[in-house]
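Here is the structure we will look at, set down as structure tokens.
The values are calculated or read from the model by the stated rules, or taken from the named source; none is laboratory data. For clarity, every value in this text was computed on a predicted model and none was experimentally measured. Positions of Cβ are generated from backbone atoms using ideal geometry, with glycine treated the same way; all protein chains shown enter the neighbour counts. Side chains included, ligands, DNA and RNA excluded: accessible areas come from the protein's heavy atoms. Shrake-Rupley method; radii C 1.70, N 1.55, O 1.52, S 1.80 Å.
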Amino acid sequence: MNSRWQNVSEARQATLQRHSTNADENSEPIPNDLYIEIFLRLPVKSIATCRCVSKLWASLLGLPYFTELYFTRSSARPRILFTCRKDSELCFFSTPQPLNPDESSSLLAASYHMKIPFNDNYNIISPIGGLVFLRYGHIFEGRKTPELLSVIWNPSTRQSLALPKPNTRKRICLQSYFGYDPTEKQYKVLSMSVEGGIYKEHQVLTLGTEKLSWRMIECCIPHINGFKGICINGVLYYPAMADICSGMRMIVCFHVRSEKFSFIKILEPFIRLLCPTATLISYNGKLASLVWNYHKGKGFEMWVLGDPGKNEWSKHIYGLPPLWQNVLAKDMLMFAGVTGTNEVVLSLRYPSDSLSQPFYVLYYNLERKTIRRVEIQGMKPTNGCRNYIFLDYVEDVKLIQAF
């Protein structure tokens, strides 16, 4: 067994074994490493049940060694996370993420995780690992108007962590992003107040600290109009403009570990990679942008950032099979990202008269330039609401207070 587990102190072992009150005094106790090996093979929902069996099991399942090893094994089997709105509830499902582009499976069963009640608009910040950052309105008992909440959720354990409100001088709009530093294994939230369309009062909150609090940081270049970003290898990227007058477009780079900003200017030849239909993604560990091309062959372009310091981008053009060009023309396809097997995942926007149809996810093979359709069993299109799809979701059994 791994040496890290063998090095657990004898005192710790003795403490755990004393909790095993049901063991026969004349029989050999089950080794803890065997417990661990069994638990590692269980699905997430069974782990939650096992925590309630005994204090011994709860202690074992809470050990950092076990939760980290479970997360590592889950990372080798990434999933796709789905969120859909039904009335005033936000529901979460997930399915396995196909790892073999030659798989002929046309049906995947969705596993239900949880639902969250809300009373106002919601914003889902791109999930990282097994955590989801949500901002949504909720009406508390005795109040008539919704209050905007910022909450970290773990769909696997159904636990949540409400974040304190950022320190702002007055009640104004906020824009927030979620990042992760793989070196220090720290999750951080970046929040900025929006005043006059410009981001001000840049603040950072680190999860896992004894007392959650916001810290003011400096940003050297004012910018506006940022929208959904993505965190890749410890750098949080999001598109923005320097100001309204100049119209200079850029990609803001927030380095999660150092909490410093840098910027990539988007010059005229590459301006399309930040057009309204663009989606920032991770492609083989590099920042990339997917852009629909409605005019030249009805397909899409992928722009991949080579050397950030030299602002080098490579452009790749892909066409859709004729059958799917009409679907694109009706603005019914949306990018979700690219898998590790180089398949672009697409979701469909369903019209209101198609709600009885099955729910499908599309996989575009970048090498073969073909599309395969996979039905997600257990989910249905929702009336007038978009189903959000996020790649590389990892089931994490670490209790949220341990982050």
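Let me know the volume per residue of the alpha-carbon convex hull for the range 200-285, in Å³.
112 Å³
Report the net charge of residues surrounding His113, where surrounding means a beta-carbon distance below 12 angstrom and charges are Lys +1, Arg +1, Asp -1, Glu -1. Please report the intermediate quantities before stating the final value.
Numbers: positive: Lys45, Arg79, Lys115, Arg158; negative: Glu395, Asp396.
So the surrounding residues net to +2.
Mind listing the phi-derived Karplus ³J(HN,Hα) values for the range 332-339, rounded to whole Hz, using 6.51, -1.76 and 1.60 with θ = phi - 60°, and x for any glycine or proline?
10, 10, 9, 6, 10, x, 10, 7
Give the Debye-formula value of log10 I(q)/I(0) at each listed q (0.10, 0.20, 0.22 Å⁻¹), with one equal scatterer per alpha carbon of the range 33-132, two decimals each.
-0.39, -1.13, -1.20
Suppose all protein chains stay in the model; what accessible area per residue would a 1.4 Å probe give for the range 172-291, in Å²?
Ligands and nucleic acids excluded, the figure is 46 Å² per residue.
In whole Å, largest first, what are the principal axis extents of the Cα atoms in the range 133-233?
If we take the Cα atoms of the range 133-233, the spans are 43, 36, 25 Å.
Over all distinct Cα pairs, what is the inverse of the mean 1/r for the range 49-192, reported as the Kirkwood hydrodynamic radius in Å?
Evaluated over the range 49-192, this radius sits at 17.9 Å.
How large is the accessible surface per residue of the range 76-147, computed with a 1.4 Å probe and reported in Å² as a whole number?
Using a 1.4 Å probe on heavy atoms only, each residue of the range 76-147 averages 49 Å².
Give the Rg (one decimal place) followed by the Dmax (whole number) of the range 253-326, computed from C-alpha coordinates and expressed in Å.
Just the Cα atoms of the range 253-326 yield Rg and Dmax of 14.3, 48 Å.
I want to check the label-to-label distance for Glu141 and Ser258. Put each point 7 Å from Cα in the C-beta direction and report it in nm to one decimal.
Result for the modelled spin labels: 5.0 nm.
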